[in-house]
Structures are given as C-alpha cells and as structure tokens.
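In what follows, a structure is listed as structure tokens, so that the remarks can point back to it.
The values are calculated or read from the model by the stated rules, or taken from the named source; none is laboratory data. Predicted, not measured: the structure shown is a model, and the values here were computed from it. For neighbour counting, all protein chains shown are included, and Cβ atoms are generated from backbone atoms with ideal geometry for every residue, glycine included. The protein model used for the area step is the full one, side chains on, heavy atoms only, and it has no ligands, DNA or RNA in it. Shrake-Rupley method; radii C 1.70, N 1.55, O 1.52, S 1.80 Å.
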Amino acid sequence: MKAKVHVTLKTGVLDPQGKAVQHALHSLGFAEVGEVRQGKFIELETGESDPTKARAAVEEMCKKLLANPVIENYSIEVEG
Amino acid sequence: MAEAKNPEITPELVAEHGLTVEEYARVLAIMGRAPNITELGIFSVMWSEHCSYKTSKKWLRTLPTEGPHVIQGPGENAGVIDIGDGLACIFKIESHNHPSFIEPYQGAATGVGGILRDVFTMGARPIANLNALRFGAPDHPKTRHLLAGVVAGIGGYGNCIGVPTVAGECQFHESYNGNILVNAMTVGIAPTDRIFYSAAAGIGNSVVYVGSKTGRDGIHGATMASAEFNEDSEEKRPTVQVGDPFTEKLLLEACLELMATDAIIAIQDMGAAGLTSSSVEMSSKGGVGIELDLGAVPRREEGMTPYEIMLSESQERMLMVLRPGREDAARAIFEKWELDFAVIGRVTETGRLVLTEGGETVAEIPVAPLVENAPEYDRPWEPTPPSPEIAAQDVPARPADEALLALLASPDHCGKSWIWHQYDHLVMNDTVIRPGGDAAVVRVRDTSKALAVTTDCTPRYCYADPVRGGAQAVAEAWRNLTATGARPLAATDNMNFGNPERPRVMGQFAGCIEGMGEACRALSFPIVSGNVSLYNETSGKGIHPTPVIGGVGLLDDVTLAMGIGFPDPDLTILLVGETQGWLGCSAYLREILGREEGAPPPVDLDAELRNGDFTRMQILARRARACHDLSEGGLAVALAEMALAGGIGAEIPAAPEGVPLHAWLFGEDQARYLIATKNPVAVLADAEAAGIPVVAIGRTGGEALTLPGSAPISLTALREAHEGWLPGYMDGK
Amino acid sequence: MKAAVIVFPGSNRDRDMLMALERAAGKPPLAVWHGDADFEPVDLIVVPGGFSYGDYLRAGAMAVHSPIMREVAKRAQAGVPVLGVCNGFQILTEAGLLPGALLRNARLKFVCRDIHMKVETAQSLFTAGYESGQVVRVPVAHHDGNYFADDETLDRLEGEGRVAFRYCTAEGEFDDTANPNGSIRHIAGIYNETKTVLGLMPHPENATDPQLGGTDVAALFDGLVAALH
C-alpha cells in the first residue's frame, strides 16, 4: 500500500526557500500571501497490506532517514 | 507488431521527422523498401544537422586540424593533444542552446553532463570545465530567469560531480532574446597509451550497456536542436532531459576503473540520439555490424517501443564493446558503483544495424550507406557587405573617467563573480589562476606542468565582418592563453549561427570559418574538436554569428603562471603592440554612444604572433609581474581590471601624440598586451632588438586609477561599478 | 600520523584531502570505501567534502547509513579524532556525532569563494598551531552550509568553548557580509563534547599550498601531525 510523507521545516527554523517564494509571489501581485514554508513530498510503496503496519514502517523510515528531527517535522498519510 | 506501434509512413510523418522529400528518396534507395517507424526515426536523427553536419561539413573541412602535438583531430568524441610526460589533454566544447532556452536549469546541466562524458569516454579524467553563455537584452522579460537557471544548472552539475568550473564568458545582446547560447567545454587528462576510441571490432564480441536506465527523456532532442524555433516552442518542454550528476560521478569513476584494465575495445557515450548514434557510430567506425536485443536494454518506464528506446536521450549512459571473457570483471566494477550493466548485443560481420525484440527483428539498416550517403549540402551563401570604417576623430569624446565607469558597469564588461561564485572552481585542488582573468590555469597532477584554458568570441565583430570576426575570436583565445605565460596548443570551436538556409547566414558561417582558418594556420593553433549549432533563429530573427573558440595552452613550469592583478606598487606598466585607436564596432561605441556600427578592428596575424611570442618570452624570463591582453574596452578597461584584481592603483600620466585620447584609451586594436614589470629597461631593450612596439605608459601604486586628463578614480568607485551591475540586476534592480 | 579518508559514492574532495594530509604527514593516508565495515587502526579519521549520494533527500542523510559509519561512530566515541569537512560536517551532524544541522544557504545559491574565519580557541587538537582569535583565509564551496541549532544548544556550545571557527571579515569583525551562508551566530565549525570531533564548512584542504593562493590552514594539518605523531 502507498504512503505519502510530507516533510517540513519546524517552526522556528528559518526557511530561506519559503521566504524567497513568498517574496516572488508578492512581486507577482499576490500581495495578500502570508508566510510560505517549503517542504518535501515523498510518495512510496510500502509493500505492506495492513494500514497500521504500513504506518508504523513509514514512521520508522521518517525517524531513520526521511526527516531530520533536529530541523524537520513530518506527517504520514497511508492510502487505501 | 501492433498497429499503433507501426504507423503507416506518410509524407506528413516524414516531414515531422525533419526529412525533406529528396532525403526521404535517399532513404528509400538505401533501404530498397519503405522504412518502418523505428528505421525512419534512426534516419531522421542520424541525418539531422546535429549528427550529420550536412550543412557545415564542406566548410569545416577547410579548417587546419593537424599539428605536431595533435593525436586526434575532429571526428571522435573529443580532440586529443600530446602534452608530454606521457600525458594527453582531451577536450571539446559543445552547445546545449535549445534545451537551455526551454528549461534553463536542466538544459544547461545536461549540457555539462554531455560534454563531460565526451571527454571521459576517451579515457580522460576531466580536470576543468568552462562555459560560454549568451543571453538576450537585459531588459527582455526572460533574460533574468534564463540566466539564473542556466548558471544554477551548470553549477548544479559541475559542483556535484566535482570538476572545477574555472573560466568562461557571459554576454548579452538582443539578437539572443529568443535563442540563448549555452556552450560548455571540458578539458581532461589521460595517459597517451590509454586513450579510448569508438570503433567496434571483433566479430561476436559483446556490446554492453552501462549507466542509468533508459526512459522517455528527450526523444527527438537531436532533431529539435536542428530546427528553428517558433512561438510555441515552449510546448516542447517534455523532450528536455533531466541530469543526474551523482550517477555521472559514479559512471566516471566506474569507467576510469575499467579503463585501467584491458577490457574495453571500444566505448561511446550515448549523447544526442542516444542508443542510435552510439551504436551506428561504433559500427560505422569499425566497419562492422551490430545486433542489439532491445529487450535487454535496462528501462525505467514500461511499454517503451523500439522507436522510443532507440531515440531516448536519457543521460548518463555508455555503450561499450568488451574483449571476450571480460564481461564478469567489468560487471563487478559497475555493480560496485551501483550502476546498470547489461549485455545487449554483439558485433556482427553483416555491416548492418539489426534490432530485435522478443526474437523478432524490428529494424534493420545497412550502416555504411546510413553514414556515408548522408546528405551533404553546399548551401547558397552571400558575403556580408563591408561596414564603413569609422575614423576615431569622428567619434565624439566623453570624459574618460565617466566613460570607463560606464563601461565597467555595462552588462558585457562588468565583473561576473555573481556567476562564478556559484561554480566550485577550486575542487581537485589544482586551480592556480581562478576565474576572472584572461585564461584560467590548472595544474597537471604529478608533473610540473599546467594547462591554461579559455573561451572567446566577439559576436559583434563577427556580425559586422565575419572573416575578421572569425580571425579575431581565434586570436583573442590565443592571446588570453599567451597572457598567462602558456604556449597555445590547440582549440575547439562551437559554431553558433542562425538558419543556414538563408544565404546571408550561410555567408556568415563561411566567412567566420575563413577567418578562423587563416588565424589558426598563422598561429599554429589547430582545431581538434568542435560542435555546430544552426537554426538559432526565432520567428525569422537570427542570432549574431557566434563562433566560440575554446583554447588550451601549456605551461611547462606551473610556477611561471601569470595573473592579471597588479601585485605591487612601483611597477612600470608597458603597453605591447601598436595603438591606432580603432573605435569602429567597439564597446565604447556601443555602451557609451549607443551605436553598434562600423568595421571591427583588423587582425594582423603576423603582429599577433610576434607580439604574443615576445610577451610570453618576457613572462617566462620572469620579467613580468602581471600581464593582461587588451580586448573589448581597450586599454582603459584592461588597466581597471588589473588594478581591481590586485587591489593596487596606477597612474597613466599622458597619452602619446597623434592618437585622440579617447581612441587611445578605448580603441580595440588587436595584438596588444599590458605588462607590469620591475625591470622595464630590460624589456624595452629586448623589444627594440626584436622590433616589437613597446612603450612605458605609467606606474602602479596608490588606491586609484588616474587616466590622462582625468581626476583619479578610486578603486572603491571602480569596484562598485564593476561588481555592482550583475548582482543588482539579478536582484531585480 | 596515520589518517584515513572515508570515500562515499559522490565524495569529490577526497582527493584534495588525501593531498593535504600527505603533504603534512609525509605519507599517503588510507582511502576507505564506504561499503567496508572495518579498517586498520588510524590516528585520525576524515570525512571529506562532496555530494555523497548526490545530496539527494538531505545533504549527508544517506551516507550516515553506510556500513563504515557505524565504525566511524564507534571510534569517535572511543576518542579517535574525527574531522568532517563540508559534506563531512553535514554527515557528522546527521549521524548525531555533532549537534545541529546545516540548512540551505540563506542566499539560496551555491557559494565558492575565499572567506575569513576566526579561530575561537587554540585549545584543541585541531587548532594547536594557532593563537586564539587568529583570523585565517580559507575557501568555502557549498550549497547547504547554513548552520542551525536551537538557542539552548548554541548557548551550551558557546559555554563549553565548542565553537571552533566563526566567519568574520579580514579584520576579524563579525558581520552579515562576511558570513557566506547565513549560519547562526556566524558559526563555521564546531566540536563535540571532548573536542575530538571537529566539523567545519570551509575547506582547509584547499588552503595549504602556496601555488593555490594561500597556506593559512596548513597549520591545522601540521598541528594535527605534531599532536598525533
């Protein structure tokens, strides 16, 4: 079953890319845009058929590799 | 085969593949039947301008390509020259213009990846990258975005693979608004007894595929690179390839590791037109046939047709012919580097390219006629009418200090550190002269030697007078190498032009080649590799003719490498070469007076050779403490660059009689250098004895540049002008 | 001094580091492939610069899971000195051998140029050849060198004298123009608790050769050789 992982910088960690996107949006005329945070989106086939197991496996993957807990948060969506 | 996989070959389909009616008749004659879609695709890419040089061949043949140190001239993946100590320098320049316009980051990145592969395919470890970039007018809405993307792409690829990007050029002109130029050059080093070529040999030997898997990237890139743009070209985005520099780094190390053994008979990278051009090239060069089982080709996507597999331009792939029995050892190396390795075919005696899938033959083409009967054109051409010569006294004079500051702050002549600070120019620990000077200098590991490398062209001159402009591009590259103390050895050319079906454009091509040929012969500076990019034209508007010359020179003693910066105060500044004050077609005329007109400066090749050899001799005799060649912006700009590079000012008390001051300061007469020396007496005595025009014009020192008749310009003001424009522009100012 | 340089797929300043170490030590160091699980005892382990695994996902994230890194961590904990440069610094933070993380440069672009950094303390194995407060010139070449840690960690690093180098002007002033990547408190390099592990973003291996425009950091390698002789 498929899982989708969103990795974002923790609040409090400066996000220069998000800031640049915000600036660019403002200069394109989207003046009302507030804070922009840029992150990563990872889609993976877990090889599990049980949603609980799939989530637990992806949780481990996030801790071990996909996110750096010093600077990043993550959220997991298991499909199906 | 399914109906959809094998459509009927209609005249429309033939035209979509860029083949003319006459060319298709030639295909029918070679095949003796109608080709299927895969075969049509193969003919189409092999006969594209990009692969067949059908328009340019006639002219390229006239260039000098031989010399005592030339090991391999044009025709292989890259040119090879002997640099002594059992080592060869392997180098080439190549364009990635169209892909970079459509997707600047990936277009430029894969351009770098492609030229790196051309060089390490031949057995060389790449030691330096260069690039020559041309963008549209700064105020064109796309320019900023294209520049940012191209620079990031070049850096992204070169920095990751770990080859220093050490030199280049970047200019702006409205003629490039719809067709930017991204030319990338790689220089590598190999032992002379371990150079690898592409000719397949040994009937029955395995044909092996290594590197990345094949996907649907860039299908028909080679034909795209040979077609004129129109307004909807941006729709072509999906055909742009995506680069993976990490995989290329692995491929580089794996190939060099395998090349240290005797396993490889022939090797060819899969560049434009991928598996098609590599397999055809290898069989044609070897005079043999090749049979490929397309089912064995490692694939990234499902359901790929033979057509797609053969035309894919997925990056970071190589094709090799191995010695019998070496497959397992080779496989072990590639698997260690976590790369795909697949035996996909064998060498045959048939002289035919045979493609099978699931045991069924899906295409079969006789290779010799495919290559040898490729069309070749002698397109009609007309010469560019001469531009009027402009006398210096007819050009209005502006205050010298104001003019200099304006020139230094102009897009073409400002400092480009915003660009090269994004390139890792220090990795490999051999960069002796960094970007920003005449030529960069990199050490040759395990020897006392170093290579000087540069890219040069002045398209404005080429547009006004192609013959003169072609000669000037060669002379300037030669001069830039000379100014570092190097002996220029050979060059590579990147011919960027508009639509050759227009006689005026074809005349520009013919003219530039004529001038280049004259200069290369006079300076013993053969062209050993190159690339042609035609149809750089959008909605009928062509680019300025831009024959970029990439030059390589050799310093026997790296400790003699000369920079442009004034290192000390109280040095005498000597001007080598004759100054008549040629302002026609100059940067002064364009940037200060807004006029792009007049004949460019004449190139006296005899003077180039004599003045250059004299200057190099002074450097090698350790008489020079700094040296710079004079080019666009003339004496004043060169002085400012030397002062800024060294952080030391200079005072030029007076101009000579007989030349208007502004023409003396800003004239672009050729064959000139500035030398800063502690020992002017000895240099002047040598010059007198050799009959070389050399005059002392001033001294270094202080924190300002003082030109005759002007108030001192502080180094701070010079620096602000020189360094300010590009960062400010990129910040949207 | 016997040194080992760890080579990952995508390392690209491994050769530069081998050259600098050989110049200082007078003998070639060991190059250790990432896939090896063990290597002979050495006096110094260096994790060099480059783009291990293409810097894909996060710089240094994947190299941490190479077999060799378990051995590196074990030896670091046993007190063997470890130097991580650029990508090596990123790997050491990802491996938890050093605190904090390296973010994308504040100006978002790759930056390669000479910078100045101040030696914060001469009280370490790595900086014994310097005076505290000395300013040295050294090149940087990176895209993700923007050091970040939370305030508590930073205060602790400073309190324990574990900030090794800070970016500064040629005159030794701290200001934003002298900081090439926006790193917090101008940090260019840090130590672990025992000051036996050093991570830094600039490239000392590219500043030890007079032909290449500077030898300011030769003292770092010479000091190591003297200390680990």
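Below is a table of values for the structure above.
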quantity: Residues satisfying the stated conditions in segment B:600-640, i.e. open to solvent by 10 Å² or more (accessible area, probe 1.4 Å) and within 18 Å of B:Gly470 (Cα to Cα); calculated: B:Pro602, B:Val603, B:Asp604, B:Leu605, B:Asp606, B:Ala607, B:Leu609, B:Ser631, B:Glu632
quantity: Residues (among the hydrophobic types (A, V, I, L, M, F, W, C) and either open to solvent by 60 Å² or more (accessible area, probe 1.4 Å) or assigned to a loop (DSSP other than H, G, I, E, B) (or both)) located in segment A:57-80; calculated: A:Met61, A:Ala67, A:Val70, A:Ile71
quantity: Positions within segment B:262-287 being part of a loop (DSSP other than H, G, I, E, B), over 19 Å from B:Pro298 (Cβ atoms) and either touching a strand residue (DSSP E or B) at 6+ places or on another chain (Cβ under 7 Å) or at pLDDT below 95 (or both), in sequence order; calculated: B:Asp262, B:Ala263, B:Ala272
quantity: Every residue from segment B:585-598 that is of a type outside the set (Lys, Arg) and open to solvent by 10 Å² or more (accessible area, probe 1.4 Å); calculated: B:Glu591, B:Ile592, B:Leu593, B:Gly594, B:Glu596, B:Glu597
quantity: Residue list for segment A:23-69, filter: among the polar types (S, T, N, Q) and within 29 Å of C:Pro99 (Cβ to Cβ); calculated: A:Gln38, A:Asn68
quantity: Output for segment B:679-699, where each listed residue is open to solvent by 20 Å² or more (accessible area, probe 1.4 Å), under 23 Å from B:Pro653 (Cα atoms) and part of a loop (DSSP other than H, G, I, E, B); calculated: B:Asn679, B:Pro693
quantity: Options B:Leu147, B:Leu87, B:Leu133: the member that is surrounded by 24 or more Cβ atoms within 10 Å (Cβ to Cβ), of a type outside the set (Gly, Ala, Ser) and at pLDDT 95 or above; calculated: B:Leu133
quantity: Scan of segment C:34-59 for residues that are modelled with pLDDT of 95 or more, open to solvent by 50 Å² or more (accessible area, probe 1.4 Å) and within 12 Å of chain B (Cβ to nearest Cβ), ordered by number; calculated: none
quantity: Residue among B:Glu514, B:Glu578, B:Glu518 that is at pLDDT 95 or above, in a helix (DSSP H, G or I) and either more than 28 Å from B:Asn77 (Cα to Cα) or touching a Phe, Trp or Tyr at 6+ places or on another chain (Cβ under 9 Å) (or both); calculated: B:Glu514
quantity: So C:Arg113, is it more than 9 Å from every other protein chain (Cβ to nearest Cβ) and of a type in the set (Lys, Arg); calculated: no
quantity: Qualifying position, being among the small types (Gly, Ala, Ser) and either more than 14 Å from chain A (Cβ to nearest Cβ) or over 15 Å from the mean Cα position of the chain (by Cα) (or both), among C:Ala101, C:Ala78; calculated: C:Ala78
quantity: Top-ranked residue in segment A:4-36 [being away from every other protein chain (no Cβ under 13 Å) and in a loop (DSSP other than H, G, I, E, B); ranked as farthest from A:Asn68 (Cα to Cα)]; calculated: A:Gly29
quantity: Residue count, segment B:354-373 (criterion: open to solvent by less than 10 Å² (accessible area, probe 1.4 Å) and either among the hydroxyl-bearing types (Ser, Thr, Tyr) or closer than 17 Å to B:Thr214 by Cβ (or both)); calculated: 3
quantity: Options B:Ala607, B:Ala643, B:Ala671, B:Ala638; residue that is of a type in the set (A, V, I, L, M, F, W, C), assigned to a loop (DSSP other than H, G, I, E, B) and closer than 25 Å to B:Ala440 by Cα; calculated: B:Ala671
quantity: Residue identified as over 16 Å from the mean Cα position of the chain (by Cα), open to solvent by 10 Å² or more (accessible area, probe 1.4 Å), on the phi < 0 side of the Ramachandran plot and touching a residue at least 24 places away in the same chain (Cβ under 8 Å) among B:Pro74, B:Pro68, B:Pro64; calculated: B:Pro64
quantity: Matching residues in segment C:104-123 - criterion: being in a strand (DSSP E or B) and free of Cβ contacts under 8 Å to residues at least 40 places away in the same chain; calculated: C:Cys112
quantity: Total residues in segment C:124-139, condition touching a helix residue (DSSP H, G or I) at 6+ places or on another chain (Cβ under 8 Å) and assigned to a loop (DSSP other than H, G, I, E, B); calculated: 6
quantity: Enumeration of residues in segment B:283-339 that are surrounded by fewer than 17 Cβ atoms within 10 Å (Cβ to Cβ) and within 14 Å of chain C (Cβ to nearest Cβ); calculated: B:Ala332, B:Glu335, B:Lys336, B:Glu338
quantity: All helices (runs of 4 or more DSSP H) inside segment C:1-103 with 2 or more residues being free of Cβ contacts under 8 Å to residues at least 12 places away in the same chain; calculated: C:14-25, C:67-77
quantity: Hits in segment B:472-504 - residues which are more than 15 Å from the chain's Cα centre (by Cα), open to solvent by less than 10 Å² (accessible area, probe 1.4 Å) and more than 27 Å from B:Thr559 (Cβ to Cβ); calculated: B:Gln472, B:Ala475, B:Gly498, B:Pro500
quantity: Every residue from segment B:378-411 that is in a helix (DSSP H, G or I) and either open to solvent by 20 Å² or more (accessible area, probe 1.4 Å) or closer than 24 Å to B:Pro545 by Cβ (or both); calculated: B:Gln393, B:Asp394, B:Asp401, B:Glu402, B:Leu405, B:Ala406, B:Leu407
quantity: Residues of segment B:532-573 that turn out to be in a strand (DSSP E or B), open to solvent by less than 10 Å² (accessible area, probe 1.4 Å) and either among the charged types (D, E, K, R) or within 27 Å of B:Ser410 (Cβ to Cβ) (or both), as a count; calculated: 9
quantity: Odd one out for C:Glu173 among (1) outside any loop (DSSP other than H, G, I, E, B); (2) without any contact (Cβ under 8 Å) to a residue 40 or more places away in the chain; calculated: (1)
quantity: Selection count, segment A:37-56, where residues are away from chain C (no Cβ under 14 Å) and either more than 11 Å from A:Lys2 (Cβ to Cβ) or surrounded by 13 or more Cβ atoms within 10 Å (Cβ to Cβ) (or both); calculated: 10
quantity: Filter result for B:Ala450 (among the aliphatic types (A, V, I, L, M) and open to solvent by less than 10 Å² (accessible area, probe 1.4 Å)); calculated: yes
quantity: Number of positions in segment B:412-445 that are more than 8 Å from every other protein chain (Cβ to nearest Cβ), open to solvent by 30 Å² or more (accessible area, probe 1.4 Å) and part of a loop (DSSP other than H, G, I, E, B); calculated: 4
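To keep it simple, each residue is scored yes or no on (1) under 29 Å from B:Ser387 (Cα atoms); (2) without any contact (Cβ under 8 Å) to a residue 12 or more places away in the chain.
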position	(1), (2)
B:Gln422	no, no
B:Asn429	no, yes
B:Gly436	no, no
B:Arg445	no, no
B:Lys449	no, no
B:Ala452	no, no
B:Asp465	yes, no
B:Gln472	yes, no
